[in-house]
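Colleague: Structure incoming, see below.
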Amino acid sequence: MDNSIEKRTKRLIMRPYRAEDYETWREAYLGLSPARNEWDLSPRSLTELSRSHFRKLLALQRDQRRRGDFYDFAAFRKSDGKLVGMVALMDLSRGVFQNAYLGYRVLNSWWGQGFGKEMVSAGLAVGFSDLRLHRIEAGIAPTNRRSIFLARSMGFRKEGLKKRALFLNGEWKDIVVYALTCEDIGMKYRGDLAKISVRIR
């Protein structure tokens, strides 16, 4: 997958960052309100928002896409090109799993406007159609009510608690696993089953 892929929703264009997005990216992170909960972002320092830092971000994301294990998409508002948030498909497992984790973030300047659903919908389309995954999971902190509400509203089912599964902010955190398969949303699996089938000997 390269930088040419994009998904469009009613109000958003979802695509990987490009070099020309620097000023938009910088403006979005400078304009954040103070963090509103433990998962939210605070405004970043000018050092963190340098052009060289952005170039490093672009290089990292290109390398991740080349390896095929992490796909990042920024969400830009169609009406004015403003950066609203981002979606990522992470830790892709191929072989007999055909699975990925879904991450999503709406920048706090845009909370409460329904952008999360549009972003997640686009992320699912990339995962099931473009990447030909069978299953997409969201690992969410048990107390992250906003994220849990969004996952449920998109049809994700709760599958269980994973203890100390995620290393975040210097400690191991529990996550609740929510999941969808392509069949759950009425899609037939688009990969080649003959190539992923294995025989236990």
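Every number here is computed from the coordinates shown, using simple stated rules; none is lab data. Just so we're clear, the structure is a prediction, and the values are computed from it rather than from any experiment. In this analysis, Cβ positions are derived from the backbone assuming ideal geometry, glycine residues included, and neighbour counts consider all displayed protein chains.
Colleague: Which helices, counted as full DSSP H runs in the chain, have an axial Cα extent of no less than 27 Å and a Kyte-Doolittle average of 0.5 or above?
Modeller: none
Colleague: Say each of Arg44 and Leu57 gets a label point 7 Å from the Cα, pointing the same way as Cα to Cβ; how far apart are those two points in nm?
Modeller: Placing both labels 7 Å beyond Cα along the Cβ direction yields 0.4 nm.
Colleague: What is the distance, in nm, between label points placed 7 Å from the Cα along the Cα-to-Cβ direction at Lys173 and at Asp130?
Modeller: 2.6 nm
Colleague: Given labels modelled 7 Å from the Cα in the Cβ direction, how far is it in nm from Ser79 to Ile196?
Modeller: Result: 3.9 nm between the two label points.
Colleague: For the chain, what is the calculated [θ] at 222 nm in deg cm²/dmol (nearest 500), taking -39500 (n - 2.57) for each run of four or more DSSP H residues and dividing by its residue count?
Modeller: -7500 deg cm²/dmol
Colleague: Kindly state, to the nearest 0.05, the FRET efficiency for Phe97 paired with Glu23, given R0 = 35 Å and r defined as their beta-carbon distance.
Modeller: 0.30
Colleague: Note the full-extension length gain between Ala165 and Arg152 as 0.36 nm times their separation in residues minus their Cα-Cα distance, in nm to one decimal.
Modeller: Gain on stretching Ala165 to Arg152: 2.6 nm.
Colleague: What are the lysines whose alpha-carbon lies under 24 Å from the alpha-carbon of Lys158, with same-chain residues fewer than 8 places away excluded?
Modeller: Lys117, Lys173, Lys188
Colleague: In the chain, with Lys and Arg counted as +1 and Asp and Glu as -1 at Cβ, which of these residues, Ala35, Leu124, Leu107, has the Cα nearest the positive end of the dipole, that is, farthest along it?
Modeller: Leu124
Colleague: Quick check on region 51-201: take the gyration tensor over C-alpha atoms, sort the square-rooted eigenvalues as a ≥ b ≥ c, and tell me if it's rounded (a/c under 1.5), prolate or oblate.
Modeller: Rounded, because the longest to shortest axis ratio a/c is under 1.5.
Colleague: Below 19 Å, Cα to Cα, which aspartates and glutamates can Lys10 reach? Residues fewer than 8 away in the same chain don't count.
Modeller: Here the aspartates and glutamates satisfying the reach criterion relative to Lys10 are Asp80, Glu118.
Colleague: Given a Förster distance of 25 Å, report the FRET efficiency between Arg36 and Ala141 from their Cβ-Cβ distance, rounded to the nearest 0.05.
Modeller: Efficiency, from the Cβ-Cβ distance: 0.95.
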